[in-house]
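*Asks:* Pasting in a structure now, in structure tokens, and then I'll have a few things to ask.
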Amino acid sequence: MSGTSAARGRSRSAYLQALQRLSARDHVLMQLLHEHTTLTSPQITALLFASPDSARGRLARLRRQGWVTNFHTQRAGRRLPEHWVLDQWGSRWAAFAAEEGEPTPRAVRTRNEKAAASSQLEHTDGIHDFFVALIAATRAISPHQPDMAAASGPTQAAGAARVARWWSAARTAREVGAHVHPDGHGVWEYTPLPTTTLAAHPMTGPAADPAADPGSGPAPSAGDKTTSTVELPGDRGSGLVQVGFYLEYDRGTEPLGQLADKLGPYQNFCGEGQGPDWPVLIVVPTRARERHLHEYIRQRRSSNPTWPAAPPRPAAHPYAMPGPPDAWRQDQAASTTQSAGSPLAVLTTSRERITDDPLGPAGQIWQPMDGFEPRARQRANLAHPTDAGQEPAGAHSSDPGPPLISAAAGHRVSLSDLETRASSQRLWDPGPPRPQDDPLFGLGSR
């Protein structure tokens, strides 16, 4: 055996021995890094550890063994949080777990160097902060899961919540055929209780961007903790709620017109019956920018009522569609019906509201966009006025099914208020979440 072959054999033997010492939490961490490329120390702590000290110690050990590595960087003269990526052993394990080919050392090194040099790193951090805060909110809603490293899995008991799916931007684009390019996709799952008061567990909120809003004060870090008492509205017997959504995360660095133009591809994608009509959630830095965005959209629609119109879908050739010979006719009819009764739903909030609400992104902080109102679940006390003296939102009686949530009175709702829709079997619909889509699935069932 040559020296090179012997060294490779010893390396593989050491790898297998080290693999036996990995915990389920280590596996989940590597799967998350494989899916999302990089996470910060505060994000990893909030997801998987009870304290920064325990996270720091475990990450240092995994780094010494070659599973993960880290980097520090600055943007605009400001030092960013410590970032973690997969090292060679971790990349090998994650690739094999995903049934992919083993990456070469050069490929691993190139991927990590690109992540560290990316001009979109702060944008990526903000996207990840949003999903981490949403996962943290599930611990406040599910009081039987106080441990931050508690297991995750399908939730059937009343009063439980979880993020049933969290896909990166690249994964989402692949699954929908690159017809739209959201910053991420998630599925919020919630089984409501009767209105109950619970003590919220410590949770993590997204970090504000001081550069985007100089007057908003110091930005809370992703590790800042808040504890408060929250009321959870619900209704007994309403069953499991699953709400899929696209995320558009805005740092306030582009004109409002450019942000609004992103709605066109979603309208076309949903209106043509090609993909799922999940709501688009837009997160902006401040309350002021959110208000300006609504004013801009309102003015744009008043000058062009059909914007952004979904063009008529041309008839597809029967041989271009999968399934039986008449599948294209069935799909055409279904898309026409769904397009007429399912306008694109758009809701907005700000990072300021996410930080201030005890339930973060899971709270009643989402403002429907005028002309892009989502359908509501059949539930009493659905909408909650944001200002005193506002009247309850009225239903659109001419629409079949549950009423639309009115945006006219400035009401805000939670993700759990939105109507759930079964998979429409559209051409690019990935369908409902699978158990392994849960970002914490590897920790077991709760």
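*Asks:* From the list Val241, Val284, exactly one residue is at pLDDT 95 or above and within 24 Å of His411 (Cβ to Cβ). Which is it?
*Replies:* Val284 is the lone residue from the list that is at pLDDT 95 or above and within 24 Å of His411 (Cβ to Cβ).
*Asks:* Collect the residues in the stretch 402-425 that are modelled with pLDDT of 80 or more, of a type outside the set (Gly, Ala, Ser) and part of a loop (DSSP other than H, G, I, E, B), keeping them in residue-number order.
*Replies:* If the condition is that a residue be modelled with pLDDT of 80 or more, of a type outside the set (Gly, Ala, Ser) and part of a loop (DSSP other than H, G, I, E, B), then Ile405, His411, Glu419 are the ones that fit.
*Asks:* I'm told Glu113 meets every condition in (1) among the charged types (D, E, K, R); (2) in contact with a Lys or Arg (Cβ under 6 Å, 6 or more places away or on another chain); (3) open to solvent by 50 Å² or more (accessible area, probe 1.4 Å) except one. Can you identify the failing condition by its number?
*Replies:* (2)
Quick grid of which residues meet (1) within 23 Å of the chain's Cα centre (by Cα); (2) surrounded by fewer than 22 Cβ atoms within 10 Å (Cβ to Cβ); (3) of a type in the set (A, V, I, L, M, F, W, C):
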position: Gly252; (1), (2), (3): yes, yes, no
position: Leu256; (1), (2), (3): yes, yes, yes
position: Ala260; (1), (2), (3): yes, yes, yes
position: Trp278; (1), (2), (3): yes, no, yes
position: Asn304; (1), (2), (3): no, yes, no
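*Asks:* While we're here: Select, from Thr172, Thr196, Thr155, the only residue that is among the polar types (S, T, N, Q), modelled with pLDDT of 70 or more and open to solvent by less than 50 Å² (accessible area, probe 1.4 Å).
*Replies:* None of the others qualify; the one that does is Thr172.
*Asks:* Take the residues in the stretch 116-127 that are open to solvent by 10 Å² or more (accessible area, probe 1.4 Å) and within 20 Å of the chain's Cα centre (by Cα); name whichever of them is nearest to Leu359 (Cα to Cα).
*Replies:* Only one residue tops the list, namely Ile127.
The values are calculated or read from the model by the stated rules, or taken from the named source; none is laboratory data. Keep in mind that this is a model prediction, so the values were computed, not measured. Methodologically, a virtual Cβ is constructed for each residue, glycine included, from the backbone with ideal geometry; neighbour enumeration extends over all protein chains shown. Surface areas here come from the heavy atoms of the whole protein model, side chains and all, with no ligands, DNA or RNA. Shrake-Rupley method; radii C 1.70, N 1.55, O 1.52, S 1.80 Å.
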